[in-house]
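Chemist: Okay, here's the structure, questions in a sec.
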Amino acid sequence: MKKRYLLIASLLVIFFTTCKHEPIVTIKGNGSNNGPTVVVIPTNDSVCFNTQILPIVVASCAQSGCHTTLNNYANIKLNASTILSYASKTTGKVMPPKPQPRMDTASINLIKRWIKEGTLNRICTANVCDTANVKYTTHIAPIMNIYCKGCHNTTNAGGSVNLDNYTSTKTCTTTGKMICTITASGCAIMPKGGPSLSKCDIRKIQIWAATGCLQ
Ligand code: HEC
């Protein structure tokens, strides 16, 4: 009987710690490039609003002069089907408008799934942060693609900064601009108009910068 209570109690602990509403990130390793390889485990498979939907919509729609109010759950939920229909349209009035790059299929599919699951405000927290062997392709490009590329690409380079390829992302980082903007250290605060990057993503970028911006 006691064992059963223990089991229930530990399941409850797991349940409550994985459902925290504030993102909690434990950064493993010694902060250098030689930390242990750990995997970021999403709490479950449903779409996460904070890490998957919000950044895509902010980068594609909430740029200044566009739909700046599409930067929070309530407004994005209210406009979810409109966002999806404009993003998926191929003719007539499309969004984001030309010459902006269109939303990619993976992002459109995520929004579709999110709507199908009931446009929930699911907040996901990664409980482990992988800071081992930080490289552009495996660690940095995925962050740029979600949080920055929509406003920093060849056709639309906010502040003349392009973050859709290795070379210019590296340049932006080695000049110190990248870290300055994502840590709100006196430059324009990025992502513009959206929530700041997670501690884990900031740490990855700092480690990438400190270890020579490997490709
Ligand atoms: C919604 C659009 C938008 C998003 C998303 C965005 N930026 Fe920007 N960014 C801009 C604009 C516009 C500027 C030009 C300066 C300004 O208007 O504040 C800029 C400027 C910058 C600059 C130059 C700052 C300077 O002082 O010269 C850097 C570096 C930068 N962004 C990095 C990033 C990074 C890194 C991300 C992702 C984590 C990001 N931005 C996401 C729109 C955006």
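Chemist: Just name one of C172, A87, H139: the one whose Cα is farthest towards the positive end of the charge dipole of region 82-186 (beta-carbon charges, Lys/Arg +1, Asp/Glu -1).
Modeler: Working it through, the farthest residue towards the positive pole turns out to be A87.
Chemist: What residues qualify as long-range amide H neighbours of C129, i.e. H under 5 Å apart, gap of 5 or more or another chain, H built at 1.01 Å from N?
Modeler: T26, K28
Chemist: On a 1.4 Å probe surface of the protein chains, which of R102, R122 comes out largest in accessible area, and what is the full order?
Modeler: From most exposed to least exposed: R102, R122.
Chemist: Say the cut-off is 23 Å between C-alpha atoms; which of K98/K204; K149/K170; K77/K192 go over it?
Modeler: K98/K204
Chemist: Search the structure for amide H atoms under 5 Å from the amide H of H152, placed 1.01 Å from N in the peptide plane, and list their residues when 5 or more places away or on another chain.
Modeler: G158, L163
The values are calculated or read from the model by the stated rules, or taken from the named source; none is laboratory data. Everything quoted here is computed from the prediction, not taken from an experiment. Cβ sites come from the backbone with ideal geometry, for glycine too, and all protein chains shown count toward neighbours. Note: accessible area is taken over every heavy atom of the protein model, side chains too, but ligands, DNA and RNA are not part of it. Shrake-Rupley method; radii C 1.70, N 1.55, O 1.52, S 1.80 Å.
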